[in-house]
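Bear in mind that the values in this text are calculations on the coordinates, not laboratory data. Because the structure is predicted, anything quoted here is derived from the model rather than measured. Cβ: placed from backbone, ideal geometry, glycine included. Neighbour counts: every protein chain shown.
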Amino acid sequence: MKLAGGYNVSIKGRPSNDVEVLPEPQVLQLPLQSRFLNFSNVRVEEGQHVRLGEVLAKDPDHFAIPLLAPRAGTVRLAAAENHIVLEDVSRADHEPYDSFEETEHIPENLGSVGIKRYKLLQLGAWQFFRNAETGGPVDPFGTPTAVIVSTVHFEPYVARGDVQMQKRLRAFTRGLEHLQTLLEYQQIYLALPEVHSSLALKVRDMIRGYAWAKPVGIPFRYPFDSPALLVRRLGLKPTAENPVWALPTEGVLALDRALTLSQPCTVRIVAVGGPAVRKPVHVKAMPGYPLKDLLAGRLVDGPTRTLAGGALTGGEVTETQLGLDTECQGLTVLQESTRRELFGFMRPGSDRRSYSKCFLSSLRGQFWESYTTALRGEGRPCIACGECMSVCPARISPSIIHKYLYQDELEQAQRLRVDLCVECGLCSYVCPSKIDLRAEFIDSKQDIERELQTQEPSE
Ligand code: SF4
Ligand code: SF4
């Protein structure tokens with residue numbers, strides 16, 4: 001498949017390559033829910049002392065993926081709704097708990113590959129293995145069609161693979177070697193940026209000679225790094241039983257940590273960026289790190305809105321979420337706009353970026369927008385400008401699908417292949433009428449999926 005569409009979003013607040021190590025926390029507030037995972041099966045009791053790496057809860061709907069204790073501490077279940085709180089947190093308590101010790105019940109017929117995969121599950125590394133098309137978790141004992149390992153993230157402000165890989169290049173290539181031992185014959189595709197980068201060159205050098213790893217160059221344009229797009233570009237044919245697995249850089253590093261050192265993955269490198277962050281950086285933090293402490297002193301004055309994830313696809317962090325969740329790859333902070341701009345669309349906009357070059361800012365050359373939560377007026381009807389079509393990398397027609405969905409014509413949206421949407425959010429970003437097309441398409445895909453599931457199978 002030929003690449004089409006895409007757009008590089010220029011917003012202020014790109015995190016630097018520096019990785020700041022946060023102070024050890026006194027308390028951890030671990031959310032039980034994140035984008036895909038729901039750790040509803042709590043395995044600890046009030047007041048229980050847990051060791052680093054001990055299982056706190058499991059997600060029964062996703063292969064019992066565990067929530068591990070990132071530090072030793074005392075469990076408080078009632079301290080915050082939908083969280084497990086750890087008090088008196090300490091890293092120097094005991095030896096890390098090895099949850100892989102609980103292996104007596106593993107069926108012997110799993111073989112060495114099955115045991116390794118079980119170990120990844122127990123040590124928290126399996127949560128990084130995802131279905132390349134849906135982003136959801138995959139079966140640890142399933143068989144993939146192929147594996148895509150991504151070292152790139154072009155969406156602002158998601159933690160970048162090159163930053164996570166700094167000084168850990170050997171661990172990364174060793175992780176790839178471990179990954180290969182988990183497979184039978186399936187190809188591993190390694191997505192590398194098509195830019196002059198010494199790190200990308202080193203990675204290419206290190207994997208030269210690995211017949212099972214094939215480098216794939218990714219043009220520097222959002223969202224060409226999307227695993228779902230790569231599946232189509234590479235002509236892979238995944239099925240429900242044999243999906244394509246996607247693994248980010250930190251997943252490969254977690255895999256290496258689990259299989260080389262038998263240690264759990266309890267610390268992440270996440271980005272903290274956006275126009276409302278004074279000094280955008282990457283931070284080394286563990287799940288459950290209190291967001292209040294993580295963001296203290298970093299933000300500009302005034303009300304802000306925090307998104308878990310990137311600027312285009314991140315979901316709002318609500319007031320009820322207290323700590324960093326296990327899936328978060330970055331925090332994007334925008335200035336909250338309480339002011340409604342009367343006739344805002346009529347302003348010349350020298351300080352406003354637009355894909356369509358309709359504002360004066362297009363004369364300023366390189367320009368980074370100070371993106372806020374403002375609608376700059378209000379949502380308006382589709383004006384058929386066609387901008388959403390020109391950026392859409394999935395080659396579908398967002399504005400036409402929108403019109404059908406507006407009339408509740410789900411079958412027409414299905415006919416126009418809304419299912420091919422990779423949920424990059426570019427259409428919503430460039431839309432001058434500020435229509436939240438991405439959210440509409442996510443909802444409609446779910447509706448179609450539900451309808452298909454309820455349909456009687458034909459004889
Ligand atoms: S329709 Fe989907 S794939 Fe196309 S630009 Fe919008 S969110 Fe991205
Ligand atoms: S970008 Fe917005 S206004 Fe323009 S055609 Fe698409 S939906 Fe309509």
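Observations on the structure shown:
- Of M1, M165, the sequence from fewest to most neighbouring Cβ atoms within 10 angstrom is M1, M165.
- The order of the peptides 41-54, 110-123 by mean Cβ neighbours within 10 Å, most packed first, is 110-123, 41-54.
- Modelled FRET efficiency - R0 22 Å, D419 with A439, Cβ distances, 0.05 increments: 0.90
- One chain, two ends: A296 and S10. Fully extended at 0.36 nm per residue, the span grows by 100.4 nm beyond their Cα-Cα distance.
- Once C-alpha pairs closer than 8 Å and six or more residues apart are averaged by separation and normalised to the residue number of the chain, the relative contact order reads 18 percent.
- Neighbour counts of other Cβ atoms within 10 Å put L360, L67 in the fewest-to-most order L360, L67.
- Between the residues Q455, I188, L199, the greatest Cα displacement towards the positive end of the dipole of the chain, with unit charges on the Cβ of Lys, Arg, Asp and Glu, is found for L199.
- Computed about the Cα centre, the dipole magnitude for the chain is approximately 2380 debye when only Lys and Arg (+1) and Asp and Glu (-1) carry charge, each at its Cβ.
- Residues C382, C388, C431, sorted so that the one with the fewest Cβ neighbours within 10 Å comes first: C382, C431, C388
- Lacking any other cysteine beta-carbon closer than 4.7 Å, the following Cys residues of the chain have no compatible partner: C265, C328, C358, C382, C385, C392, C421, C424, C431.
- Of the beta bridges in the chain, as assigned by DSSP with both residues counted there, near 60 percent are antiparallel.
- Kirkwood-type radius of the chain, with distances r between different C-alpha atoms, in Å: 23.5
- Between I115 and T181, the simple label model (points 7 Å from Cα in the Cβ direction) yields a spacing of 1.1 nm.
- Label zone of T74 (point 7 Å out along Cα→Cβ, amide N under 13 Å): in the stretch 10-28 this covers 27.
- Subtracting the Cα-Cα distance of L3 and Q33 from 0.36 nm times their residue separation leaves 7.3 nm of extension gain.
- Take each peptide in 171-180, 249-258, count the other Cβ atoms within 10 Å of every residue, and average; sorted highest first, the result is 249-258, 171-180.
- Additional length obtainable on full extension of the chain from R43 to W212, 0.36 nm per residue less Cα span: 56.9 nm
- Sorted peptide list for 187-196, 207-216, criterion being average Cβ within 10 angstrom, highest first: 187-196, 207-216
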